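This report refers to the structure that appears directly beneath it.
The values are calculated or read from the model by the stated rules, or taken from the named source; none is laboratory data. Since we're looking at a predicted model, the values are computed, not measured. Because the Cβ atoms are built from the backbone with ideal geometry, glycine has one as well, and the counts that use them run over all protein chains shown. Surface areas here come from the heavy atoms of the whole protein model, side chains and all, with no ligands, DNA or RNA. Shrake-Rupley method; radii C 1.70, N 1.55, O 1.52, S 1.80 Å.
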Amino acid sequence: MPRRPARVRETDRLRLEPVTERHGAELLALYSDPAVADWYGEWTREGTDREAARMADGWRTDGVHKWFAFHRGTGDPVGRGGLSRVHIDGAARLELGWVLHHRFWGHGYATEIGRAGLEVAFTELDAAEVVAFTEVHNARSRAVMERLGMVYAKDIEWDGAPFVLYRKIRGLR
Ligand SMILES: CC(C)(COP(=O)(O)OP(=O)(O)OC[C@H]1O[C@@H](n2cnc3c(N)ncnc32)[C@H](O)[C@@H]1OP(=O)(O)O)[C@@H](O)C(=O)NCCC(=O)NCCS
């Protein structure tokens, strides 16, 4: 039975809601932001509805998946991120990720989401390790990993493309 941190959380500036089937429209708006589409490609409403359903299913079956982040002050949708379970580099691992609307880049929101994810992983899920991975040339995502104290582990291949894998081990700050 998976442990269940599936609840709304608040960080200093963000309200983090577990993604449910109801977030298809917010995901489409996020993935349609041209700066995000540069990394995530083109999406349709059908595709983001499927993606939202997949994440909702992850919350039910794995006890954890991505959050949708809203600004606590304004209610604006900021992005999505957090933990999910993936099979990567030969093992099932807990992965941390982030995607923000372009107008919210440069203010530390991805790092804030990442910090919340690490907190859940190490204090509630009892994880020994959290990983993150991105395209080799995604400097902004790599910088988030480094701000969170994650350490480059190795080059990997993901979907046939060169990626880098970072990790953070519990107890190592
Ligand atoms: C990857 C992505 C989420 C990073 O966003 P970001 O805004 O660069 O990262 P953060 O939110 O942590 O913000 C860090 C920046 O805010 C600044 N900052 C301001 N206040 C801050 C705070 N309280 N804490 C941390 N950083 C802060 C940092 O100095 C840094 O500035 P810089 O960009 O001038 O170096 C964003 O570029 C994105 O959505 N990209 C498209 C999707 C994507 O590639 N996702 C990753 C897939 S693996």
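Among the residues that make up region 49-60, is at least one of them more than 20 Å from E146 (Cα to Cα), under 16 Å from the mean Cα position of the chain (by Cα), within 12 Å of the ligand (Cβ to nearest atom) and not basic (K, R)? Reasoning before the result, please.
Filtering region 49-60 down to residues more than 20 Å from E146 (Cα to Cα) leaves 49-60.
Checking which are under 16 Å from the mean Cα position of the chain (by Cα) leaves us with 51-59.
After this cut, where a residue has to be within 12 Å of the ligand (Cβ to nearest atom) as well, the list is none.
No, region 49-60 has no match at all.
So the check is Cβ under 9 Å with 6+ separation or different chains; which pairs have a first residue in region 54-77 that's in contact (Cβ under 8 Å) with a residue 12 or more places away in the chain and surrounded by 14 or more Cβ atoms within 10 Å (Cβ to Cβ) and a second one that's among the acidic types (D, E) and assigned to a loop (DSSP other than H, G, I, E, B)?
F70/D76; R72/D12
Looking only at residues that are open to solvent by 30 Å² or more (accessible area, probe 1.4 Å) and not in a loop (DSSP other than H, G, I, E, B) in region 162-171, which one is farthest from the ligand (Cβ to nearest atom)? Full working, then the answer.
Let us first name the residues in region 162-171 that are open to solvent by 30 Å² or more (accessible area, probe 1.4 Å), namely 162, 167, 169-171.
After this cut, where a residue has to be not in a loop (DSSP other than H, G, I, E, B) as well, the list is 162, 167, 169.
Numbers: P162: 13, R167: 14, I169: 20 Å.
Going through the qualifying residues, I end up with I169.
Select from region 79-112 the residues that are of a type in the set (A, V, I, L, M) and near the ligand (Cβ under 9 Å from one of its atoms) and write down the one among them that is surrounded by the most Cβ atoms within 10 Å (Cβ to Cβ).
The residue in question is A110.
Run down A132, A153, A127 and say which single residue is surrounded by 15 or more Cβ atoms within 10 Å (Cβ to Cβ), aliphatic (A, V, I, L, M), part of a loop (DSSP other than H, G, I, E, B) and at pLDDT 95 or above.
Details: A132 fails: part of a loop (DSSP other than H, G, I, E, B); A153 fails: part of a loop (DSSP other than H, G, I, E, B).
Going through A132, A153, A127 in turn, just one is surrounded by 15 or more Cβ atoms within 10 Å (Cβ to Cβ), aliphatic (A, V, I, L, M), part of a loop (DSSP other than H, G, I, E, B) and at pLDDT 95 or above: A127.
Mind checking which residues of region 28-42 are under 24 Å from H137 (Cα atoms) and either hydrophobic (A, V, I, L, M, F, W, C) or not in a helix (DSSP H, G or I) (or both)?
Residues of region 28-42 under 24 Å from H137 (Cα atoms): 30-42.
Correct list: L30, D33, A35, V36, A37, W39, G41, E42.
Please count how many residues of region 39-53 are of a type in the set (A, V, I, L, M) and either in contact (Cβ under 8 Å) with a residue 40 or more places away in the chain or surrounded by fewer than 19 Cβ atoms within 10 Å (Cβ to Cβ) (or both). Walk me through it before giving the result.
Narrowing region 39-53 to residues of a type in the set (A, V, I, L, M): 52-53.
Remaining after also requiring either in contact (Cβ under 8 Å) with a residue 40 or more places away in the chain or surrounded by fewer than 19 Cβ atoms within 10 Å (Cβ to Cβ) (or both): 53.
Number of matching residues: 1.
Hey, among the residues in region 20-36 that are open to solvent by less than 30 Å² (accessible area, probe 1.4 Å) and not β-branched (V, I, T), which one's farthest from the ligand (Cβ to nearest atom)?
G24
Checking A121 against (1) within 9 Å of the ligand (Cβ to nearest atom); (2) under 16 Å from I88 (Cβ atoms); (3) part of a helix (DSSP H, G or I), only one condition comes out false. Which one?
Going through the list (1) within 9 Å of the ligand (Cβ to nearest atom); (2) under 16 Å from I88 (Cβ atoms); (3) part of a helix (DSSP H, G or I), A121 breaks only (1).
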